[in-house]
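Right, one structure below, let's go through it.
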Amino acid sequence: MPAETKRAAATAIGAWVLYDWSYGAYTTIVSTFVFATYFTQGVAPDPATGASWWAGGQALAGVLIALLSVPLGAVADQGGRRRGMLGCCTAIMVVCTLALWFVRPNPSFAALALTLVVVGTVAFEVASVFYNAMLPDLVPPARLGRLSMLGWGAGYAGGLVALGLCLVVLISPATPPFGLDRATAEPVRATALLAGLWLALFGWPVSVFVPEAGPRTSWRAALQNGLGELHAVLRDLRHEPDLARFLLARLFYIDGLNTLFAFGGIYAAGEFGLDAQQVLIFGIVLNVSSGLGALGFAFADRRLGAKATILISVLALALLSITLLLIHGLALFWGLGTILGLFVGPAQAASRSMMAHMAPPDARAAWFGLFALSGRVTAFFGPLVLGLLTAVWHSQRVGMTVIPVFLLLGAALLMKVPSPAADASAASQ
C-alpha cells in the first residue's frame with residue numbers, strides 16, 4: 001500500500017474514533033449526569049414530575065428514532081450521502097445542545113428543555129446509524145472488534161474529560177467563573193455550552209476525512225432506491241433468523257444498560273445519599289472504568305469474538321447489578337460501581353462489531369438503522385417498569401430489579417445466536 005494511501009487510511013480511522021470522543025460530551029453532560037439532573041431537580045415543579053416528564057420526552061424520542069433511523073439509513077446507502085447526513089445530524093445536535101443554555105430554573109422553561117433534548121437525542125441516534133455503518137469500510141473484518149472497542153473507549157474518555165472540565169471549571173468553584181450567576185443556575189447551564197462546543201470542535205473531521213461509500217446520486221433516486229432497499233431489508237429479516245434473534249437480544253440487554261445509566265445517578269443519590277457533586281464524580285469514575293474496559297477488551301476481542309465478549313459483559317453486569325441492589329455500604333457501592341463500569345463499554349462496542357460482521361455489505365446503513373431501532377424502540381419500557389415498581393413498592397431498590405432481569409433475558413436470547421464467521425475464525429487462530 002503506498003504511503004499516501006496509508007496516511008489517508010490512518011487519518012480516516014483517527015477521524016472516526018474522534019467522533020466517538022465528541023459523542024461522549026453529549027451522553028454524559030446532557031443525557032445522563034448533568035442536564036438530566038438539573039431538569040428534574042431545578043426546572044420541573046418537583047423531582048417526581050420532572051422524572052415523569054423526562055421519561056415522556058425520551059419515549060417520544062424513541063418513537064421518532066424508530067420512524068426515522070431505518071429509512072434514512074437506506075437513503076444514505078443508496079445516495080452516497082452518509083457523510084453529509086452525519087454532518088447534518090451533528091449540526092442539529094450542536095444547535096440543540098448550545099440552546100439548552102437558555103433553559104432557566106423555572107417550570108415555564110420545561111417545554112423548551114424537553115423539545116431541545118428530544119430533537120438532539122433523535123439527531124444523536126440517527127447520526128449513529130451513518131457513523132456505525134462506516135466502520136466496516138475502515139479496517140479488515142479481523143480488526144472490526146478492536147476498532148469498535150477503541151471508538152467506545154475514546155467516547156468514554158471524551159465524556160470523562162468533558163465531565164472533569166464541568167466539575168473543575170464550572171461546578172466546584174466557590175466563585176463561579178466568567179461572572180456566572182449561581183442563583184439562576186448559570187454554572188450548570190454553561191455545561192451545555194461546553195458540550196455543544198465540544199461536539200462542534202471534535203465532530204466535524206469524520207464528515208471530511210472518512211471516504212464516502214458508493215457514488216452520489218440524486219435525492220429522488222436515493223429516496224426511490226432507499227425505500228426499495230428498506231423493503232428488501234424488512235423482507236430479508238424474515239429469512240435472517242440469526243440476525244433477527246441478535247437484534248431481539250440486543251433490544252433487551254441494551255434496554256437494561258440504558259435504564260442503568262439513566263437511573264444510576266438517581267439511585268446513588270436516593271439510596272446512598274450522594275449529593276449533586278458526588279453524583280458528578282461518580283459519573284467521572286464510571287467513565288474512567290468504562291473507557292478502561294472498552295480499551296482492555298479491544299485487545300481481547302479478536303481472541304474472544306464479539307458474541308463471547310457481549311455474553312461475558314452482560315452476565316457480569318447482571319451479577320454486579322444484583323449485588324448492588326443487596327448492599328447498603330457506601331464503600332461497597334463505590335467499589336462495585338467502578339467494577340461494573342468495566343463491562344459497559346465492551347457490551348456496547350462488541351454489539352456494534354457483531355452487527356458489522358453480520359450485516360450484508362450492500363445495505364449496511366439500512367441494517368444499522370434496524371440496529372439503532374433495536375436499541376431505542378423500547379427505550380421507554382425499562383424506565384416505565386422501573387417507575388411502576390418503585391411507585392407500587394415505594395422502593396428504588398425494587399424498581400431497579402428490572403435492570404438485571406432485562407440483562408439476563410438479553411443474554412439468554414443471545415446464547416441461541418451462532419457466532420459470526422469472524423468469531424469462529426478468530427477462535428481458531
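Descriptive notes on the structure:
- Output for region 88-134, where each listed residue is surrounded by 18 or more Cβ atoms within 10 Å (Cβ to Cβ), more than 17 Å from A195 (Cβ to Cβ) and either within 16 Å of the chain's Cα centre (by Cα) or among the small types (G, A, S) (or both): A110, V126, V129, F130, Y131, N132, A133
- A count restricted to region 8-46 and to residues that are under 15 Å from V206 (Cα atoms) and either outside any helix (DSSP H, G or I) or more than 18 Å from the chain's Cα centre (by Cα) (or both) stands at 8.
- So R303, is it among the basic types (K, R) and either surrounded by 19 or more Cβ atoms within 10 Å (Cβ to Cβ) or in contact with a Lys or Arg (Cβ under 6 Å, 6 or more places away or on another chain) (or both): no
- Residues of region 225-254 that turn out to be crowded, with 21+ Cβ neighbours inside 10 Å, of a type in the set (A, V, I, L, M, F, W, C) and at pLDDT below 75, as a count: 2
- Just one residue in the set A222, A200, A276 is over 25 Å from S52 (Cβ atoms), among the small types (G, A, S) and at pLDDT below 80; that residue is A222.
- Of the residues making up region 205-218, one or more are modelled with pLDDT under 85, of a type in the set (A, V, I, L, M) and part of a loop (DSSP other than H, G, I, E, B).
- Tally of residues being of a type outside the set (A, V, I, L, M), modelled with pLDDT of 90 or more and either touching a Gly at 6+ places or on another chain (Cβ under 6 Å) or over 21 Å from L100 (Cα atoms) (or both) across region 7-35: 7
- Lone unmet requirement of (1) under 21 Å from G24 (Cβ atoms); (2) surrounded by fewer than 17 Cβ atoms within 10 Å (Cβ to Cβ) for P141: (1)
Listed here are the residues, each with its yes/no results for (1) at pLDDT below 90; (2) under 21 Å from V405 (Cβ atoms).
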site	(1), (2)
R303	yes, no
I312	no, yes
I327	yes, yes
G337	yes, yes
Q348	yes, yes
M354	yes, no
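The values are calculated or read from the model by the stated rules, or taken from the named source; none is laboratory data. What you see is a predicted model, and the numbers here were worked out from it, not measured in a lab. Glycine also receives a Cβ, built like all others from the backbone with ideal geometry; neighbour counts cover every protein chain displayed.
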